[in-house]
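Engineer: Structure incoming, see below.
The values are calculated or read from the model by the stated rules, or taken from the named source; none is laboratory data. Just so it is clear, the model here is predicted, and its values are computed rather than measured. Backbone-built Cβ (ideal geometry, glycine too); neighbour counts: all protein chains shown. Accessible surface areas use protein heavy atoms only, side chains included; no ligands, DNA or RNA. Shrake-Rupley method; radii C 1.70, N 1.55, O 1.52, S 1.80 Å.
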Amino acid sequence: MTSETQSLPAIKTPNPLWRSLWLRVVAMLALMIGLTTAALFFGVDHFVSLRFSHLHDERVGRLVSDTRQAVDRELSAMAGVAGLLIYDIDLVNSTYYHLHLDGTREHAEEAVRRIAENFGLESVTLWDTQDQLVAAAGSVGAGVPLAFPVSDPSVRAEARWLGPGVWVVAVATLQHNEDVLARIQLARPLPVLFGSAFAPGQEATIHLAKDGPPLPGSVRVPINPGANPPVALDVIVPDAVATALADVKWVLAWVMTAFGLLRAAVIAIFLRGLFRPMRDLLRAAPAIGRGELGRQVAEGGWQEVRQLVRAFNQMSNGLQRLRTLERQVQHQEQLSAIGRVAARVAHDLNNPLTVISSVARLATRRTDMDETLTKDMHLILHHCERSMTTIQALLTYGRPIKLRCLPLDLAQTAAQIARRWVQRYPEVTLDLSLPEMPVPVAADPYQLEQMLDNLLDNARSMGPRIHLGVVQVGNYGRVGVLDDGPGFSEEARQHLFEPFFTTRTGGTGLGLASCLAIARAHGGDIVVES
């Protein structure tokens, strides 16, 4: 019997880097996590930064407004004080006596000193109509020049650059009997008005400015833009909240990035475990295609994946059962064909062989034959009996095996068969290896004895020492026959169970074939190992 095997196309393993479902799912989830994290971060950054920017702008606006109001209040206060001094009789009289009646200067100086002390002014100066200094008082005193040299009968108050600094000055004209007598100037440095705001490192820093560009990060507040040079203040309000928010955003960006990577790693590990059964299926499917039926894949993953793996395992087991049934059917067909051939051969050869053997046997009874002819007759009888034995074995092999199964202890039955066999061949050493516990099976004892006799006969032809062992494997009993022979070649092992194939001189080639038929009739099988 010949069999043809169709070669299957090689299954190409997909590139795991570009075509892996696991990698694509992980990449898609990582992209979604990255986009979600980025959108969340930039959304929070935008709205929070915008909110704090508005708060900072409102704070700067209030500070600028307070600065302007403080300067306006100071100018108004200085103008009010200057307006009151117009009506200071002591000041007017002492100035008049000094300038027009050759009075002493000490009275005018005393009046000026009194004004500086009473109003806490850094500079109070008295000037005549020729803009000549008459008296000065205060911590700076005459160090502040006259701000408005042009005569003006009204009270005037402004912020001006006088020397290296900006001063808030108020000038009022003193009159005596409606004649211009002199002018008095009150001055206070502008930095004194804001105190520590001019010191660096404070919450808000104020810098004096002229007509140059504003300082970086400052807001310019015009105080007296019409002056020459113009007077302005650069107000710098450090945005501590923005600095803290930048640090928080930096930390938040690292935390969200690390958390996103951690989530992607956890999802990747989870999906790797989820897709592991699918990878096992991918490896097992080509094996099934190569004929390795019965290949099983460990169940795992979610319910759907487990169902897929379970269906694959059931399919593999079903294909293995089909292969077994196919072999059994082929074997039965082989037996049936051999039975039909054996019946025809027996019908065609038994009668001539019977006639030949009968004639030869009658001839051996004659007394007139010489010794050579007698030996030839005996040789004819031997080969006739051998041919008839082969035909009878062929008929037995081709006939369907009918079992009468009984519950047996396989170990005890094998031991009894071995003892009977050893009695026929006392020159052979047979070692038994039997389990302590019974090995229950359902078998035909006569068929079982025929199978073991054939196996022991084959082992005897290989050497004088044989080992017979019985063990239980699952729901089956296993009988092992081991000899000391050289074993079978690979080519011989492929044809051992074919009828009429033998490696022994004088063998019929039906012993192992009959053993296989008996084993398969019991639902078992025979495995040959070297």
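Engineer: Can you confirm whether the stretch 170-186 contains a residue that is touching an Asp or Glu at 6+ places or on another chain (Cβ under 9 Å), without any contact (Cβ under 8 Å) to a residue 60 or more places away in the chain and open to solvent by 20 Å² or more (accessible area, probe 1.4 Å)?
Structural biologist: Scanning the stretch 170-186, I find no residue that is touching an Asp or Glu at 6+ places or on another chain (Cβ under 9 Å), without any contact (Cβ under 8 Å) to a residue 60 or more places away in the chain and open to solvent by 20 Å² or more (accessible area, probe 1.4 Å), so the answer is no.
Engineer: Looking only at the stretch 94-123, count how many residues are open to solvent by less than 100 Å² (accessible area, probe 1.4 Å), hydroxyl-bearing (Ser, Thr, Tyr) and under 13 Å from Ala182 (Cβ atoms).
Structural biologist: Qualifying residue count, the stretch 94-123: 3.
Engineer: Here's something else I'd like to know. Tell me yes or no: at least one residue of the stretch 420-427 is modelled with pLDDT of 75 or more, within 22 Å of Ala519 (Cβ to Cβ), out of contact with any Cys (no Cβ under 9 Å at 6 or more places or on another chain) and open to solvent by less than 50 Å² (accessible area, probe 1.4 Å).
Structural biologist: Yes: the stretch 420-427 contains one or more residues that are modelled with pLDDT of 75 or more, within 22 Å of Ala519 (Cβ to Cβ), out of contact with any Cys (no Cβ under 9 Å at 6 or more places or on another chain) and open to solvent by less than 50 Å² (accessible area, probe 1.4 Å).
Engineer: Select from the stretch 41-90 the residues that are among the hydrophobic types (A, V, I, L, M, F, W, C), in contact with a helix residue (DSSP H, G or I) (Cβ under 8 Å, 6 or more places away or on another chain) and within 24 Å of Pro222 (Cβ to Cβ) and list them in ascending order.
Structural biologist: Once the filter is applied, which keeps residues that are among the hydrophobic types (A, V, I, L, M, F, W, C), in contact with a helix residue (DSSP H, G or I) (Cβ under 8 Å, 6 or more places away or on another chain) and within 24 Å of Pro222 (Cβ to Cβ), the stretch 41-90 yields Ala70, Val71.
Engineer: Within the stretch 405-419, restricting attention to residues that are touching a Pro at 6+ places or on another chain (Cβ under 8 Å) and surrounded by 14 or more Cβ atoms within 10 Å (Cβ to Cβ), which residue is nearest to Gly469 (Cα to Cα)?
Structural biologist: Applying the first criterion (touching a Pro at 6+ places or on another chain (Cβ under 8 Å)) to the stretch 405-419 yields 406-413.
Checking which are surrounded by 14 or more Cβ atoms within 10 Å (Cβ to Cβ) leaves us with 408-411, 413.
Numbers: Leu408: 16, Asp409: 14, Leu410: 11, Ala411: 8, Thr413: 12 Å.
Of everything passing the filter in the stretch 405-419, Ala411 is nearest to Gly469 (Cα to Cα).
Engineer: Exactly one condition in (1) surrounded by 14 or more Cβ atoms within 10 Å (Cβ to Cβ); (2) at pLDDT 80 or above; (3) in a loop (DSSP other than H, G, I, E, B) is false for Pro238; which is it?
Structural biologist: With (1) surrounded by 14 or more Cβ atoms within 10 Å (Cβ to Cβ); (2) at pLDDT 80 or above; (3) in a loop (DSSP other than H, G, I, E, B) applied to Pro238, the lone miss is (2).
Engineer: Residue under question is Pro213, and the condition is that it be assigned to a loop (DSSP other than H, G, I, E, B) and at pLDDT 85 or above; does it hold?
Structural biologist: Judged against the criteria, Pro213 is a match.
Engineer: Scan the stretch 503-530 for residues that are at pLDDT 65 or above and in a loop (DSSP other than H, G, I, E, B) and report the count.
Structural biologist: Adding up the residues that qualify gives 10.
For every residue, the table says whether it meets (1) of a type outside the set (Ser, Thr, Tyr); (2) modelled with pLDDT of 75 or more; (3) open to solvent by 30 Å² or more (accessible area, probe 1.4 Å).
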{"residue": "Glu292", "(1), (2), (3)": "yes, no, yes"}
{"residue": "Gln296", "(1), (2), (3)": "yes, no, yes"}
{"residue": "Trp302", "(1), (2), (3)": "yes, no, yes"}
{"residue": "Arg310", "(1), (2), (3)": "yes, yes, yes"}
{"residue": "Gln314", "(1), (2), (3)": "yes, yes, yes"}
{"residue": "Leu325", "(1), (2), (3)": "yes, yes, yes"}
{"residue": "Ala346", "(1), (2), (3)": "yes, no, no"}
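Engineer: Return yes when Arg59 is open to solvent by 30 Å² or more (accessible area, probe 1.4 Å) and closer than 16 Å to Glu158 by Cβ and no when it is not.
Structural biologist: Considered against the rule, which asks whether it is open to solvent by 30 Å² or more (accessible area, probe 1.4 Å) and closer than 16 Å to Glu158 by Cβ, Arg59 comes out as no.
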